[in-house]
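Just so it is clear, none of the values below were taken in a lab; they were calculated from the coordinates. The shown structure was predicted, so the numbers you read here are calculated from the model rather than taken from an experiment. For neighbour counting, all protein chains shown are included, and Cβ atoms are generated from backbone atoms with ideal geometry for every residue, glycine included.
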Amino acid sequence: MTNHYTPDGKFIPPHAPPLTGEEKIVTTIWKFMRNPLEGFGPLSYRQPIVSLKTARLKMHVVSDPVCMNEVLVKNADAYKKAPINQRILKPATKEGLLSVHDAQWRRQRRGVSPIFQHRYMADLAPGITKVISGFKDKLDKGDGNIELNLAMADLTFDVLAKTLLGDPKGLDRDRLKAATRKVVSSAGTLRPDDLISLPDSIPRVMGPGGYLALRTLRKAANELLDARDPENPGDDLVGLLISAKDPKSGEALSRREKTDNLIGFFIAGHETTALTLTWALYLVGMHGETANRIVEEVRNVVGEGDIKYEHIPKLPFTRAVIDETMRLFPPAPLLAREAQKTNEVGGRVIEPGDLMILATYIMHRTDRLWVDPLVFDPNRFLREPGLNKGKDKFMPFGAGPRVCVGAAFAVMEAMMALATLVRDFEIKPEPDSYPRPVMTVTLRPEGGIHARVKRRSA
Ligand code: HEM
């Protein structure tokens with residue numbers, strides 16, 4: 001346990017060990033399949049871009065902010081989401097924002113963006129406060145033991161349902177949460193056929209239970225849509241999807257697009273924020289000094305009452321903890337693109353068909369870019385205030401036109417939940433808890449994180 005701290009008391013959280021560079025190809029592939037984050041060698045941490053060529057595939061692993069920007073922002077038109085993304089997400093959200101391209105993507109993005117603009121955030125905040133308050137009641141009534149990942153998925157799914165899905169009556173939330181989790185793990189576990197480019201006509205088979213879980217999500221999405229009056233669908237996310245029209249053509253979304261987008265939001269809209277909170281509570285629980293600073297900051301700004309939208313910008317340390325959590329454990333640790341045109345990245349020629357792995361996890365943890373990269377040190381975000389703008393070496397939400405549409409909402413929700421939970425409860429992971437970060441699309445703690453919870457004394 002003690003060797004997880006530096007001599008001056010900073011916590012060194014778990015990390016996915018890189019390859020040593022001595023492994024045989026079979027071992028590398030096996031490690032990559034078990035946990036893609038453990039399939040990268042030392043060169044990927046040392047160089048801005050590393051290229052590999054096999055008989056069937058040319059692949060570039062990018063871990064440098066300038067190169068990332070070239071792919072995601074400057075030359076975004078030269079790339080589309082890679083077939084591997086498509087194969088993994090397609091069974092669930094084939095016609096939704098997460099998967100589509102070009103004109104179809106632009107039309108959908110324009111349709112749903114308004115609800116995530118900053119000026120709407122203030123309207124959504126009271127719903128979040130209410131869900132957090134209900135969650136605190138549950139903790140008070142519980143037996144003092146929780147598994148952080150499941151508990152945070154509960155909280156963030158309830159926030160999604162309350163604020164974006166119109167708080168529908170009769171929605172079987174527990175079933176939907178379990179189904180979403182199943183779809184992500186069943187679709188997100190890599191298999192040998194993912195490493196070779198198979199034609200689109202060969203569908204990717206989901207893991208056990210995946211199809212049943214997907215049917216549950218599709219049924220719930222259809223019920224949410226059917227419950228609305230088409231003439232007056234409301235102004236939450238479901239309403240916006242129903243009324244979204246392309247300003248140029250006046251074309252609305254098809255029924256399939258609406259359903260797939262709702263499934264996409266079940267998946268993208270709660271699991272990622274739940275993981276940010278899971279890892280954040282773990283880090284805070286392992287580092288008492290950080291917990292004390294959050295408690296002090298929140299008590300000074302919010303007092304003992306409910307957190308409100310206007311408190312959020314006045315909690316810079318709490319924000320730094322969220323940012324440092326997403327630096328160490330970016331919920332979407334690897335993004336992928338396929339080149340459509342010849343262009344250059346980091347001075348290297350990229351050709352149509354090349355696969356780009358945008359390794360945010362590596363960029364966030366390389367000593368080329370960070371001092372003491374493995375150490376948990378929220379202060380680094382206070383020392384460099386512009387760092388969390390997502391334009392430089394810190395990109396948990398991606399960048400460019402396909403940057404996360406829900407980023408502002410996610411940060412608001414994570415801040416409100418972390419501030420309130422840490423102020424009101426002592427949440428202590430089991431002694432010696434040191435979970436391995438494993439990627440199945442998102443970055444989960446292997447085996448979950450079991451913790452003891454008790455009310456904090458005033
Ligand atoms: C901490 C929480 C979150 C993280 C770290 C995160 C991360 C990301 C990243 C990295 C991307 C870009 C993927 C790529 O370029 O390939 C993305 C896209 C997306 N995210 Fe998030 N996300 C979070 C929360 C949310 C929430 C709360 C929502 C919705 C309520 C959401 C909805 C989406 C959607 C729809 C896209 C696709 C956007 C497009 O392609 O135009 N995300 N997210």
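Over the Cα atoms of the chain, each weighted equally, I'd like the Debye log10 I(q)/I(0) at q = 0.13 Å⁻¹, rounded to two decimals. Results for the chain at q = 0.13 Å⁻¹ read -1.29. Between amide H atoms placed 1.01 Å from N, distances below 5 Å from LYS58 occur with LEU355, all of them 5 or more places distant or on a separate chain. In sequence order, the stretch 159-168 has phi-based couplings of 4, 4, 5, 6, 8, 10, 9, x, 6, x Hz under the Karplus curve 6.51 cos²θ - 1.76 cosθ + 1.60, θ = phi - 60°, and Gly or Pro positions carry x. When only alpha carbons are used to place a centre, the stretch 103-168 and the stretch 277-341 end up 16 Å from one another. Within the stretch 91-112, which residues have the backbone N less than 19 Å from the label spot 7 Å out from LYS248 along Cα→beta-carbon, could you tell me? Of the residues in the stretch 91-112, 97, 100-112 have backbone N under 19 Å from the label point off LYS248.
Counting only Cα atoms, the size of the stretch 341-458 along its three principal axes is 61, 31, 29 Å, in decreasing order. For the stretch 5-96, applying the loop criterion from DSSP together with a ceiling of 11 other beta carbons within 10 Å to the GluC sites (Glu not before Pro) yields GLU22.
For the stretch 291-381, what is the Kirkwood estimate of the hydrodynamic radius, computed as the reciprocal of the mean inverse distance between distinct Cα atoms, to one decimal in Å? Final number for the Kirkwood radius of the stretch 291-381 is 16.2 Å. If the chain linking ARG110 and ASP367 were pulled fully straight, counting 0.36 nm for each residue of separation and taking away their Cα-Cα distance, it would gain 88.7 nm.
How much length would be gained if the chain were fully extended between SER457 and ASN232, taking 0.36 nm per residue of separation minus their Cα-Cα distance, in nm to one decimal?
On the way: separation 225, 0.36 × 225 = 81.00 nm, distance 4.83 nm.
So the extension gain works out to 76.2 nm.
The length gained on full extension between LYS136 and ARG255, counted as 0.36 nm times the residue separation minus their Cα-Cα distance, comes to 39.1 nm.
Using the Cβ-Cβ distance between LYS389 and ALA76 with R0 set to 22 Å, the FRET efficiency works out to roughly 0.75.
Pairs from the list LYS80/LYS162; LYS177/LYS389; LYS169/LYS219; LYS258/LYS308 with a Cα-Cα gap above 23 Å: LYS80/LYS162; LYS177/LYS389; LYS258/LYS308.
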